[in-house]
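**Student:** Could you have a look at this structure, given as structure tokens, before my questions?
Nothing in this text is a laboratory measurement; each read-out follows from the coordinates by a stated rule. Note that the structure is a prediction, hence the values are computed from the model and not measured. Backbone-built Cβ (ideal geometry, glycine too); neighbour counts: all protein chains shown.
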Amino acid sequence: DASPFARGLVRGYLEMAGHRVLEAAGPREAWETLDRLSVDVVAVSLALTAGGAHALIEKMRGQPKYAHIPVLGLAASDEEASRNAGAQNLFSGVPMKYDRESMLRSVELLAAALEEGSGEPALAGERG
């Protein structure tokens, strides 16, 4: 997310729940982070500019090294989530960025599925 406030909010939610968080202010920084470090899940703001969330995820999906990494598209509003409902092939879920419970529930369900090797579950906050 380009907003330090939004990144701090999401970081706080995830760290308080016991997750290790790496953050990036934009697509280029996110790609550089992916290239340097191993990650289990990517959470990306759907409002991301300068190349956009969709471009970043499409680039990830095109690289075998990153194609398997689940992605949560964090929406700031119901309207933003609805606009991205057609991109379900890009995202493992679209919880609301400012809805702490929905976001954490989505992350926990995804983490459990990854640990069990059972694929990607239906996540909290998904629009169908």
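**Student:** On a full-extension model of 0.36 nm per residue, what is the gain between Ala111 and Ala76, subtracting their alpha-carbon distance, rounded to one decimal in nm? It would help to have the intermediate numbers written out before the result.
**Tutor:** Details: separation 35, 0.36 × 35 = 12.60 nm, distance 2.23 nm.
So the extension gain works out to 10.4 nm.
**Student:** I want the local charge near Val21. Using Cβ-Cβ distances under 10 Å, sum +1 for each Lys or Arg and -1 for each Asp or Glu among the other residues. Show your work: numbers first, answer last.
**Tutor:** Numbers: positive: Arg7, Arg11, Arg20; negative: Glu15, Glu23.
Result for the local shell: +1.
**Student:** Can you check what the net charge comes to around Ala55, using other residues whose Cβ is under 13 Å from the Cβ of Ala55 (Lys, Arg +1; Asp, Glu -1)?
**Tutor:** Working: positive: Arg28, Lys59, Arg61; negative: Glu58.
Result for the local shell: +2.
**Student:** Also, quick follow-up: Label points 7 Å out from Cα along the Cβ direction at Val39 and Ala55: separation in nm?
**Tutor:** 1.7
**Student:** If I model a spin label as a point 7 Å beyond the Cα along the Cα-Cβ vector, how far apart are those points for His19 and His68 in nm?
**Tutor:** A separation of 2.0 nm, rounded to one decimal place.
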